[in-house]
Amino acid sequence: MNHKKQIAFSSLEDLVELAHEFNQPISWVIKQYQSQLFESSIESIENQMEKHIQIMEDSVEEGVNNPKRSLGGLIGGEGKKLNEYVQNQGALMGPLGGKAVARSLAVSEVNASMGKVVASPTAGACGILPGVLLTVFEQQNQLPKEKLHDAFFTASGIGIVVSMRATLAGAEGGCQAECGVGGAMAAGGAVELLGGSPEMVTNAVAIALKGVMGLVCDPVAGLVEVPCQKRNASSVSVALSSADMALSGIESTIPADEVIDVMYEVGKSIPPALRETAEGGLATSPTGEKISQQYQESMKEK
Amino acid sequence: MNTGVFEVLGPIMIGPSSSHTAGACRLGLMARQILQGEPVKATIYLHESFQKTRKGHGTEVAILGGILGITPDDERLRKSKEISISKGVEYQFLEKELKGQHPNSCQISLTSKNGKHLSVTGSSIGGGQISISQIDDFSVNLSGQYNAILTKHKDRPGIINRVTKMISSKGINIAYMQISRTKKGDSASLIAETDEPITDNIQKELESHDDIYQVKVIRPL
């Protein structure tokens, strides 16, 4: 099963070329890469992926059905609330979109209340991939589970390329590097899941990242709660619309690798006050300041 | 080092923050590893950002959990204060400025069941990775990714040779090594990070040497 050729890449374009060379999807290329990198069998990689997906499924379940208040006390219960609304009243973006967003809110809550999550690509952005991919897969109920695994491998491949060319850290690139990249990974994974070509995967990535270009990281009171949770939700919408556009054949005028490079340049030019330091943006809005003061006071009490 | 799939889609961790929660827990785990025994008392000094995130990012419970041997992906982490009390482990958190340290740093002071004391200073440097910079009086630079051996010994010729010879004679490869001393002829330390684990035999043989006061074997996290 392992291929002799050394799989190496530094761009999404490389991934597309490799996929064509072997007449396989991007997920196949990523599995070969991972197998070679860690000298492990494809089977063991699949098993590990299964474990990670299981934890994502558990976090969705936990967050939607058994919500807890976050450590900082700013969020909790929003995933359940939206899920019930979607079930009872429907959603403007349809049952799939509504459910995917509800799940992303729920998983963010699990993270903020010290529950178990899979950082994807970071803990702050952990709601997007399970929200999008688990929900899209569930709707395609005739697909075998391996297809879901593959969607996550493709999403990971996208994240790996971003980590090589740019950054996944909010402190370095702002929220576009965390929730933004999470959305791009989810969009690309969804495209492969729905049978899109490798080129379509890269178009989805480009469109998603362009949509959040420049997004700052401005957590209120420095907590991974506000606006992080709802930015997970927004990134789900971006991922779904980007995947739809790519699957319809719409192309990104600017190629995905260039978008990633630009995202990094933009990230570096975001002032430090807007890169996870809680010294600007929503964190220093009048309400943000008030919450921050209350939070500081509450810490002294205990 | 190339990035793998489960670094981007992972780690599996207890939220909310890889550096303030997962990395903090690993610092506690590392201190426990170095102590080599059950802790009964822990004093944790929190520096800058760790001080600020002590509650909202679960930094306190994460460090304490690590000290108790709870890993970053274990849901008991949330309950580490209760677990600590039920195990009879005393703990306290204090604010302290650790000069020259990374904002996400802490100093962990432990006492073990058999009365041994240990002080470890380390930082959570991003993505759950850590760096230990001080063990008791000695400056070190440990990542927790390798096996390691630490010796405290008399600063005199031949000791370092003895330690490295002992390690190499068992077919163990040294990846990184640092030596330092308090002052000439006084006490000195050696830290070697190795590719293979240091065996109990090596530890015992080195401990039997008169000029070697202490040998610690540190397993990777």
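The values are calculated or read from the model by the stated rules, or taken from the named source; none is laboratory data. Bear in mind that the values here come from a model prediction, so they are computed numbers and not experimental data. All Cβ positions, even for glycine, are placed from backbone atoms using ideal geometry, and neighbour counts span all protein chains on display. Each accessible area value is taken on the protein alone, full model and side chains, heavy atoms only, with ligands, DNA and RNA left out. Shrake-Rupley method; radii C 1.70, N 1.55, O 1.52, S 1.80 Å.
Brief remarks on what is shown
- Whether a residue is within 13 Å of chain B (Cβ to nearest Cβ) and either assigned to a helix (DSSP H, G or I) or open to solvent by 20 Å² or more (accessible area, probe 1.4 Å) (or both) was assessed, and A:S70 does not pass this test.
- Residue in the range A:141-156 that is closer than 29 Å to B:R54 by Cα, more than 9 Å from every other protein chain (Cβ to nearest Cβ) and outside any helix (DSSP H, G or I) present: no
- Residue within the range B:122-133 that is away from chain A (no Cβ under 14 Å) and surrounded by fewer than 15 Cβ atoms within 10 Å (Cβ to Cβ) present: no
- Scope the range A:157-167; condition surrounded by fewer than 23 Cβ atoms within 10 Å (Cβ to Cβ) and part of a loop (DSSP other than H, G, I, E, B); matching residues: A:T167
- Only a single criterion out of (1) assigned to a helix (DSSP H, G or I); (2) open to solvent by less than 10 Å² (accessible area, probe 1.4 Å); (3) more than 10 Å from chain B (Cβ to nearest Cβ) is not satisfied by A:I30, namely (3).
- Close Cβ contacts (under 6 Å, 6 or more residues apart or on different chains) running from residues in the range B:48-61 that are closer than 19 Å to B:E90 by Cα and free of Cβ contacts under 8 Å to residues at least 40 places away in the same chain to residues that are assigned to a helix (DSSP H, G or I) and of a type in the set (S, T, Y) comprise B:V61/B:S80.
- For B:S139: the one exception among (1) within 21 Å of B:V215 (Cβ to Cβ); (2) among the small types (G, A, S); (3) open to solvent by less than 70 Å² (accessible area, probe 1.4 Å); (4) under 14 Å from the mean Cα position of the chain (by Cα): (3)
- One residue from A:G182, A:G131 being crowded, with 24+ Cβ neighbours inside 10 Å, within 12 Å of chain B (Cβ to nearest Cβ) and either part of a helix (DSSP H, G or I) or touching a strand residue (DSSP E or B) at 6+ places or on another chain (Cβ under 7 Å) (or both): A:G182
- Of the listed requirements (1) open to solvent by 50 Å² or more (accessible area, probe 1.4 Å); (2) within 14 Å of chain B (Cβ to nearest Cβ); (3) touching a residue at least 24 places away in the same chain (Cβ under 8 Å); (4) under 19 Å from the mean Cα position of the chain (by Cα), A:K51 misses just one: (3).
- The listed residues are B:I70, B:I160, and the only one of them that is among the aliphatic types (A, V, I, L, M) and in contact with a Ser or Thr (Cβ under 8 Å, 6 or more places away or on another chain) turns out to be B:I70.
- When the range A:137-148 is filtered for residues that are open to solvent by 10 Å² or more (accessible area, probe 1.4 Å) and not acidic (D, E), the ones remaining, listed by number, are A:F137, A:Q139, A:Q140, A:N141, A:Q142, A:L143, A:P144, A:K145, A:K147.
- Residue match in the range B:4-23 (condition: in contact with a Phe, Trp or Tyr (Cβ under 9 Å, 6 or more places away or on another chain), away from chain A (no Cβ under 11 Å) and either surrounded by fewer than 18 Cβ atoms within 10 Å (Cβ to Cβ) or of a type outside the set (S, T, N, Q) (or both)): no
- Within the range A:228-264, being of a type outside the set (S, T, N, Q), surrounded by fewer than 22 Cβ atoms within 10 Å (Cβ to Cβ) and either within 19 Å of A:G124 (Cα to Cα) or touching a strand residue (DSSP E or B) at 6+ places or on another chain (Cβ under 9 Å) (or both) holds for A:K230, A:Y264.
- Look at (1) over 15 Å from B:N147 (Cα atoms); (2) open to solvent by less than 60 Å² (accessible area, probe 1.4 Å); (3) free of Cβ contacts under 8 Å to residues at least 40 places away in the same chain; (4) not aliphatic (A, V, I, L, M) and you find that B:S180 fails only one, number (3).
- For the range A:92-115, a residue qualifies if it is within 16 Å of A:A239 (Cα to Cα) and of a type in the set (V, I, T), and exactly one does: A:V101.
- Residue-level analysis places B:E90 among those that are in contact (Cβ under 8 Å) with a residue 12 or more places away in the chain and either open to solvent by 30 Å² or more (accessible area, probe 1.4 Å) or not β-branched (V, I, T) (or both).
- Considering residues of the range A:55-67 that are surrounded by fewer than 20 Cβ atoms within 10 Å (Cβ to Cβ) and more than 10 Å from chain B (Cβ to nearest Cβ) only, the residue nearest to B:E75 (Cα to Cα): A:D58
- Matching residues in the range A:111-120 - criterion: being open to solvent by 10 Å² or more (accessible area, probe 1.4 Å) and in a loop (DSSP other than H, G, I, E, B): A:S113
- Count of the range A:275-293 residues, restricted to those that are touching a residue at least 40 places away in the same chain (Cβ under 8 Å), open to solvent by 40 Å² or more (accessible area, probe 1.4 Å) and either within 14 Å of chain B (Cβ to nearest Cβ) or not in a helix (DSSP H, G or I) (or both), is 4.
- Check on A:L223, touching a residue at least 24 places away in the same chain (Cβ under 8 Å), aliphatic (A, V, I, L, M), farther than 18 Å from A:G159 by Cβ and surrounded by fewer than 24 Cβ atoms within 10 Å (Cβ to Cβ): no
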